[in-house]
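Read the structure below first, then the notes.
Taken together, the values in this text are just the output of simple stated rules run on the coordinates, not laboratory data. All values derive from a computational prediction rather than experimental measurement. Methodologically, a virtual Cβ is constructed for each residue, glycine included, from the backbone with ideal geometry; neighbour enumeration extends over all protein chains shown.
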Amino acid sequence: MNVVALGGGHGTSVTLSALNRLNVDFAGVVSVADDGGSTGVLRELLGIAGVGDLRKCLAVLAANAEQWAPLLEFRFEDDELGHHALGNLLLAASIASSNNLEESIQKVSELLAIRGRLLPASSEAVELEADTDDGVIRGQVAIARETGVSNLRTVPESVAAPRSVIEAIEQADFVLIGPGSLITSVIAACVVPGIREALKRTSATKIWLANLKTEYPETSGWSVRKQLQALQDHGILLDLVLLDERHHGIEGTLDVAVESFDLASGGASIHDPAKLSRALEQVMAN
């Protein structure tokens, strides 16, 4: 069974951690549009793609994650070292040494002996741009602070997804979209030229892993229906929505199938990888 997990850092790392527990072949396709914090500084200094979301996914997939994860997530506190996460610096060094984003990620993946594949949603550095109530705005961090966001897109227009990403989606049995920041991580990965079209072509079952809560201000107060509509407005058509059983806010019925499970981590607002793994195993077996 081939499974693709599509999204950003925090959410997709949970999905990949869940898939890592199952007997499936999987690939993570991760947005590289992050422009905040350490990642944003490295983008500006080195002209590279956003590496922060990739780091989060590598940390959970490393063969010896108990030892590697704390190292990759270690953040220098010294101002002279820029408060960078060690994993960001490792990825930046790999990119600088090969000048090819996909190959750079593969080198680090081999170093960490990860299971599965980790792929960038775009072949090179990319920015996000969107329409808002106040006009056009650019940048992931800036967009995440806005309300009334619509028509998210990537710039420059020449940027496209790697062929390996397109093939992975086309050959998948299941494509898992989310969880994570709906607009700036999940939709951001899906609207990269080539990915949206591949999602339409694939015969895979497309499953949206809905967040356990809305995010302020990005989707503050949005119901499941409104979040689903945002996905559909960006051409992301789904076959199934996976919800936490305690999730509220669905008005009436949705126009896609819904499955509910206990997915929360200790009653928190994040998914528990073990619970998500069991839910996915059941859903994908049907």
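A compact table of results
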read-out	value
Contour minus Cα-Cα distance for residue 64 and residue 171 (0.36 nm per residue)	35.6 nm
Gain in span if fully extended, residue 46 to residue 96, counting 0.36 nm per residue against the direct Cα distance	17.2 nm
Within region 152-276: Cβ-based charge dipole about Cα centre, in debye rounded to nearest 20 (Lys, Arg +1; Asp, Glu -1)	240 debye
Ordering of 175-185, 99-109 by burial proxy (mean other Cβ atoms within 10 Å per residue, highest first)	175-185, 99-109
Antiparallel bridge percentage (DSSP; both residues within region 148-286; nearest 5)	10 percent
Gain upon complete extension [residue 285, residue 132; 0.36 nm per residue less C-alpha separation]	51.0 nm
Residue-wise HN-Hα coupling along region 157-170, computed from phi with Karplus coefficients 6.51, -1.76, 1.60 (Hz; x: Gly, Pro)	5, 6, 5, 9, 6, x, 4, 4, 5, 4, 5, 4, 5, 5
Rounded to the nearest 20 debye, dipole of the chain from Cβ charges on Lys, Arg, Asp, Glu	580 debye
Length-normalised contact order for the chain - Cα pairs under 8 Å, 6+ apart - percent	19 percent
Charge-dipole axis of the chain as Lys and Arg at +1 and Asp and Glu at -1 on Cβ define it, positive-most pick from 90, 121, 258	258
Expected 222 nm ellipticity per residue - DSSP helices of 4 or more, -39500 (n - 2.57), all of the chain, to 500	-11000 deg cm²/dmol
Listed peptides 223-235, 3-15, 65-77 by packing density, highest first (mean Cβ within 10 Å)	3-15, 223-235, 65-77
Radius 14 Å from Cβ of residue 94, net charge of other residues (Lys, Arg +1; Asp, Glu -1)	-1
From phi via Karplus (6.51, -1.76, 1.60), per-residue ³J(HN,Hα) for region 192-198 in Hz, x at Gly/Pro	4, x, x, 6, 4, 5, 5
Antiparallel content of DSSP bridges confined to the chain, in %, to 5	30 percent
Within region 85-167: Cβ-based charge dipole about Cα centre, in debye rounded to nearest 20 (Lys, Arg +1; Asp, Glu -1)	400 debye
For residue 179, net neighbour charge (Lys/Arg +1, Asp/Glu -1) across residues whose Cβ lies under 12 Å away	-2
Sparsely packed trypsin sites (Lys or Arg not before Pro) within region 1-59, loop by DSSP, other Cβ within 10 Å at most 11	none
